[in-house]
Every structure is written in structure tokens, then in C-alpha cells.
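Here the structure is laid out as C-alpha cells; the discussion comes afterwards.
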């Protein structure tokens, strides 16, 4: 009744509806916020699943790179271990310096290995987490 009266007074019902919608948009309720968060979560998980599907052809390349890197890392660790054991029985300043240098290299190399392995194993693990999360809801 009041809406009709104001509509006639102002000349159009669309003006009143626009004003009501504008006032409604001022308040962002917790329910609307929860809906937006849920929509964003679903969009992120769908994007990630699409990304995984798009990059399935590069899985072989990632696997080869991961095995090459881990092989090199294990070779370096074995060389360090062998030189360290040799340095225990035949101590010299040069061998101690070499073992220290290899240990520093391994310390830097670990970060790279973990980063590469997270790229290799990460997408599959995140996909499992997303599937488990979506199954709960």
C-alpha cells in the first residue's frame, strides 16, 4: 500500500524498487558472506581440478625431472658420506674442507629438492585433500 502510494507520488515503482535494493545492498549479512565464501571455495577447487586436468600431459616430464633431481641429491649425499668416512680414517685439512663444503652444498640443495618434489607430488596430494573436503560437505 505504501509502496504504491510512494510509486505514484514519485512517478514510478522502479524508483522505489531501486531504492529498496540499494538499501538492501548496504547491509552485508553473515548469511550472504557465508554464501560468498562457499562460492569462492568452490570456484578455487574447480580451478585447481581444471589445472590438474590441463597439466596431465606434463606429468611424465615432472616425474623424470623429480627422479633426476632426487638421484643427483642421493649421489651427492653418498659422495659426502664416503668422503666423510674416508676423512675419519685419513684425516687431513683438505678432506675436512671438502666435507664441510659438501655439507653446505647439501644444505642448499635440500631446499631445491623439497621445492621440486612439492611440485611433483603436491598437485596429486592437494587434489586428494580437495576431494576429501568436498566429500565431507
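The values are calculated or read from the model by the stated rules, or taken from the named source; none is laboratory data. Please read these numbers as outputs of a predicted model, since none were measured by experiment. Cβ sites come from the backbone with ideal geometry, for glycine too, and all protein chains shown count toward neighbours.
Of the set (1) loosely packed, with under 11 Cβ neighbours inside 10 Å; (2) within 30 Å of residue 121 (Cα to Cα); (3) modelled with pLDDT of 75 or more, all apply to residue 38 but (1). Residue pairs whose Cβ atoms lie under 6 Å apart, sitting 6 or more positions apart in sequence or on different chains, and linking a residue in the range 37-57 that is at negative phi and in a helix (DSSP H, G or I) to a partner that is surrounded by 11 or more Cβ atoms within 10 Å (Cβ to Cβ) and at pLDDT below 75, are 52/123; 52/127.
Scan the range 111-137 residue by residue and report those that are under 30 Å from residue 87 (Cα atoms) and without any contact (Cβ under 8 Å) to a residue 24 or more places away in the chain.
The initial filter retains those residues of the range 111-137 that are under 30 Å from residue 87 (Cα atoms), namely 111-114.
Matches in the range 111-137: 111, 114.
Please verify whether residue 109 is surrounded by 13 or more Cβ atoms within 10 Å (Cβ to Cβ) and either part of a helix (DSSP H, G or I) or modelled with pLDDT of 85 or more (or both), treating the condition exactly as stated. Considered against the rule, which asks whether it is surrounded by 13 or more Cβ atoms within 10 Å (Cβ to Cβ) and either part of a helix (DSSP H, G or I) or modelled with pLDDT of 85 or more (or both), residue 109 comes out as yes. Count of the range 82-99 residues, restricted to those that are modelled with pLDDT of 85 or more and surrounded by 13 or more Cβ atoms within 10 Å (Cβ to Cβ), is 0.
Just wondering, is there one or more residues in the range 60-71 that are closer than 29 Å to residue 127 by Cα, loosely packed, with under 10 Cβ neighbours inside 10 Å and at pLDDT below 80? Can you show your working first?
If we filter the range 60-71 for residues that are closer than 29 Å to residue 127 by Cα, which is where we start, we get 60-71.
Subsequent filtering for residues that are loosely packed, with under 10 Cβ neighbours inside 10 Å retains 60.
Going one step further and asking which of them are at pLDDT below 80, we end up with 60.
Scanning the range 60-71 turns up at least one residue that is closer than 29 Å to residue 127 by Cα, loosely packed, with under 10 Cβ neighbours inside 10 Å and at pLDDT below 80.
Which of the residues spanning the range 78-114 are closer than 30 Å to residue 124 by Cβ and over 29 Å from the mean Cα position of the chain (by Cα)? Answer for the range 78-114, where residues must be closer than 30 Å to residue 124 by Cβ and over 29 Å from the mean Cα position of the chain (by Cα): just 78.
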